Amino acid sequence: MDGNRQTDDADAQAKILVVDDEPGIRDMLSFELSSHAYKVVTAVNGEDALEKLRREKFHLVISDVKMPRMDGMEMLDAIKKLDPDVEVIMSTGFGTIETAVSAMKKGAYDFIQKPFNLDEILSLIEKALEKNELKILLGVYETSKAVLASIKLDELLPVMAKLSVQILKADDASIMLASPAGCLEVAASAGLSGADADKKKACLALGERVAGIVAQSKAPAIINGPLENDPRFHGIQSLSSISSSIVYPLILEGELLGVLNVNRTVQLEAFTAADLRHATIFCSQITQAINNAALYRRLEDKILEIQNMEAQLIQSEKLAAIGQLSAGIAHEINNPLAGIMGFAEVVLKSDTLSAQQREDIETILQQSKRCGNIVKNLLQFSRRKKGAEKPTQLLPAVDAALQLAGFDLRRAKIEVVKDVPPDLPAVLGDQGQLEQVFLNLIMNARQAMEGAKSGKLIITGSAEGGLVTLRFQDNGLGIAAENLGKVFDPFFTTKPVGKGTGLGLSISYGIIEAHHGALRVESREGEGAAFIVTLPACKEAPNGQL
């Protein structure tokens, strides 16, 4: 029987290696076992047996104990190191209890005395082969449990690829997943060199190459021997390094999730129908695990979406409540503050003031003006008026903000890297208000990099899915984890007293929210921070034309 066996009956044959230095024993066992649908190969001693075991796969070995050159016990030890899953039955005409115990300790399935009782040895062979099959299925079950324990796809797929190699005794394996574009992409592999893995990264269309054909037909395939000899894959270029393959579609409720490719390249033994049965069980577990991971990912996305919506709602409620409070405070403070400033200016005009008195009153006026700026910010925050809506390009707004902050940035020796494409889609909004937001974010970054030897601000722009995004990334001190959720709260600041009001980011958040966008922050303490502005792209061009 050659390496291109095609029938299930032939593939299902268990292969037995008979090892004995007596020709009569070898011939008798070969004839009797072959008549019971076993495929039998013989070897004259332990060295001959090991050479055959290295070249091809056997399900069972029946070996004499006493043989020249390498006896059965030494061979048994070598077999278990070479392939622990192969069951071995030892036989001898001069057996003792000690010999039997020694053989069992080395991993023998059982020990049988010569001369053979044919019914006894056939029963023993059947039980040994059942044990071999159960060990494989137990391995599939145990590894499947390990696979199903993981629910993150990026962690799950490499584990599945590695287990595919182990369970199916392959040299390499790859898992391809069906992409939203309708093609197959390699998501994980095991046993492939870097160059081979890169070759398999291509996206295959359904019906293209072996994996694409199997995916399209949704029927698994065993390929043994040269690919060009298989009519199912006529015209496909063969990979000469592959001697045997199992290509199995991963299907759940009629939907194609992907394809498992398992190959033997170093091993010359062909995959059999028994291997395909094991692949069927394992692939059903892979498919369920991929589905579980996808469900978990969708659940995570939904939870994150709900959390974001809840955070935005809480932030909006905070801003509304603080806005009302701020308006009341600002109006109550504004009138007496105007009186203080007016009176201080009148007193300063007097010629009778001493130098110390003049200095004190100037301090009063200076601090009153500072209070006036705070009140102005409070009023601006509380009103949060929506500006005129018209198609607006973001690059000019960014440039205007950078120009206003230019002196401070240069004085602080901060390098600015701007990568905002001029052809970004326009947004519908008020350019003056957007400039104010960008200026706030730029100055916030400058203050975060205060004292840094090499401050760097990177401003990038992109558009995707109807949204325009601007990212302001600094390499400052970053934001502590416990403060991340507070940065947009009114009056929250980590700056020293007198260095900030804690309203800049709150005002910016409100402006972007009024533009139907989002402002969020990403940061890790000690690694800088990034403030990301996302706005809906305008459906009209800047000149108002559709």
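The values are calculated or read from the model by the stated rules, or taken from the named source; none is laboratory data. Just so you know, these numbers come straight off a predicted model, no measurement behind them. Every residue, glycine as well, gets a Cβ built from its backbone with ideal geometry; the counts of neighbours run over all protein chains shown.
Are any of the residues in the stretch 181-196 modelled with pLDDT under 85 and under 17 Å from the mean Cα position of the chain (by Cα)? The answer is no, given that none of the residues of the stretch 181-196 is modelled with pLDDT under 85 and under 17 Å from the mean Cα position of the chain (by Cα). Summed over the stretch 98-129, residues that are assigned to a helix (DSSP H, G or I) and not acidic (D, E) total 16. Within the stretch 26-70, the residues that satisfy the criterion of being aliphatic (A, V, I, L, M) and under 15 Å from I125 (Cβ atoms) are M28, L29, L33, A37, V40, V41, L60, V61, I62.
Would you confirm whether or not the stretch 481-504 contains a residue that is modelled with pLDDT of 75 or more, assigned to a strand (DSSP E or B) and touching a helix residue (DSSP H, G or I) at 6+ places or on another chain (Cβ under 8 Å)? No, the stretch 481-504 contains no residue that is modelled with pLDDT of 75 or more, assigned to a strand (DSSP E or B) and touching a helix residue (DSSP H, G or I) at 6+ places or on another chain (Cβ under 8 Å). The set of residues in the stretch 200-246 being among the small types (G, A, S), at pLDDT below 75 and under 26 Å from the mean Cα position of the chain (by Cα) consists of A202 alone. Can you go through V247, V262 and tell me which one is in contact with a Ser or Thr (Cβ under 7 Å, 6 or more places away or on another chain) and assigned to a strand (DSSP E or B)? Going through V247, V262 in turn, just one is in contact with a Ser or Thr (Cβ under 7 Å, 6 or more places away or on another chain) and assigned to a strand (DSSP E or B): V262.
Entry remark, the stretch 261-282: residues being crowded, with 23+ Cβ neighbours inside 10 Å and touching a Pro at 6+ places or on another chain (Cβ under 8 Å) number 1 in total.
Taking only the stretch 452-462 into account, find how many residues are within 13 Å of L395 (Cα to Cα) and crowded, with 16+ Cβ neighbours inside 10 Å. Result for the stretch 452-462: 3.
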